[in-house]
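Contents: one structure, followed by commentary.
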Amino acid sequence: QVQVVESGGGLVQPGGSLRLSCAVSQDISSIFLMGWYRQAPGQQRELLATTQNDGTIYYADSVKGRFTISRENAKNTMDLQMTSLKPEDTAVYYCNAVVVPTVYWGQGTQVTVSS
């Protein structure tokens, strides 16, 4: 069983920055695909960014240029650096790790962008 735990959420003003972290209970260098998602109230879960262990990175248009995904293999963590935050970025943010054939999800961390 792989444990996935998000941290770093909180309240931030519009235009501010926040860094989320996703801790995984196994060596992430062997995990092919990991990603960040978010879900706002009443909306479907939205894919934000993914990172593969060959270095391939994907960003959704909604966050391209503002969010940066990164892996830190030595710490078995994956981070999401968020900048230029907007009120519409308010959501619960989730990370996942695909260890074939299972997708492991964290419990989520709340991000609120408000003045």
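The values are calculated or read from the model by the stated rules, or taken from the named source; none is laboratory data. Treat the numbers as computed from the prediction; the structure is a model and nothing was measured. We place every Cβ from the backbone using ideal geometry, glycine too, and count neighbours over all the protein chains shown. Accessible surface areas use protein heavy atoms only, side chains included; no ligands, DNA or RNA. Shrake-Rupley method; radii C 1.70, N 1.55, O 1.52, S 1.80 Å.
Kindly indicate which of ARG45, ARG71, ARG66 is touching a helix residue (DSSP H, G or I) at 6+ places or on another chain (Cβ under 9 Å), closer than 29 Å to SER115 by Cα and modelled with pLDDT of 95 or more.
Details: ARG45 fails: touching a helix residue (DSSP H, G or I) at 6+ places or on another chain (Cβ under 9 Å); ARG71 fails: closer than 29 Å to SER115 by Cα.
Testing whether each residue is touching a helix residue (DSSP H, G or I) at 6+ places or on another chain (Cβ under 9 Å), closer than 29 Å to SER115 by Cα and modelled with pLDDT of 95 or more leaves just ARG66.
One line per residue, one yes/no per condition, for (1) open to solvent by less than 30 Å² (accessible area, probe 1.4 Å); (2) among the β-branched types (Val, Ile, Thr); (3) under 16 Å from GLY9 (Cβ atoms); (4) in contact with a strand residue (DSSP E or B) (Cβ under 9 Å, 6 or more places away or on another chain):
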position	(1), (2), (3), (4)
GLN43	no, no, no, yes
ASN53	no, no, no, yes
TYR58	no, no, no, yes
SER62	no, no, no, yes
GLY65	no, no, no, yes
MET78	yes, no, yes, yes
LEU85	yes, no, yes, yes
THR90	no, yes, yes, yes
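Would you mind telling me which numbered condition in (1) open to solvent by less than 60 Å² (accessible area, probe 1.4 Å); (2) at negative phi; (3) among the polar types (S, T, N, Q); (4) modelled with pLDDT of 95 or more SER29 fails?
Of the numbered conditions (1) open to solvent by less than 60 Å² (accessible area, probe 1.4 Å); (2) at negative phi; (3) among the polar types (S, T, N, Q); (4) modelled with pLDDT of 95 or more, the odd one out for SER29 is (4).
Determine which single condition LEU85 fails, assuming it passes every other condition in (1) in contact (Cβ under 8 Å) with a residue 60 or more places away in the chain; (2) assigned to a strand (DSSP E or B).
So the condition that LEU85 fails would be (2).
Taking ARG19 as the residue in question, decide whether it is assigned to a strand (DSSP E or B) and open to solvent by 70 Å² or more (accessible area, probe 1.4 Å).
On the way: assigned to a strand (DSSP E or B): yes; open to solvent by 70 Å² or more (accessible area, probe 1.4 Å): yes.
The answer is yes for ARG19.
Restricting attention to region 1-48, which residues are in contact with a Ser or Thr (Cβ under 7 Å, 6 or more places away or on another chain), touching a residue at least 60 places away in the same chain (Cβ under 8 Å), closer than 22 Å to LEU85 by Cβ and not aliphatic (A, V, I, L, M)?
Correct list: GLU6, SER7, GLY8, GLY9, GLN13, PRO14, GLY15, SER17, CYS22, GLY35.
Considering only region 95-115, state which residues are in a strand (DSSP E or B) and out of contact with any Ser or Thr (no Cβ under 8 Å at 6 or more places or on another chain).
CYS95, ASN96, ALA97, VAL98, VAL99, THR102, VAL103, TYR104, TRP105, GLN110
Which pairs do you get when a residue that is free of Cβ contacts under 8 Å to residues at least 12 places away in the same chain, found in region 99-115, comes within reach of a residue that is part of a strand (DSSP E or B) and surrounded by 18 or more Cβ atoms within 10 Å (Cβ to Cβ), reach meaning Cβ atoms under 9 angstrom, with the pair 6+ apart or on two chains?
VAL103/ASN96; VAL103/ALA97
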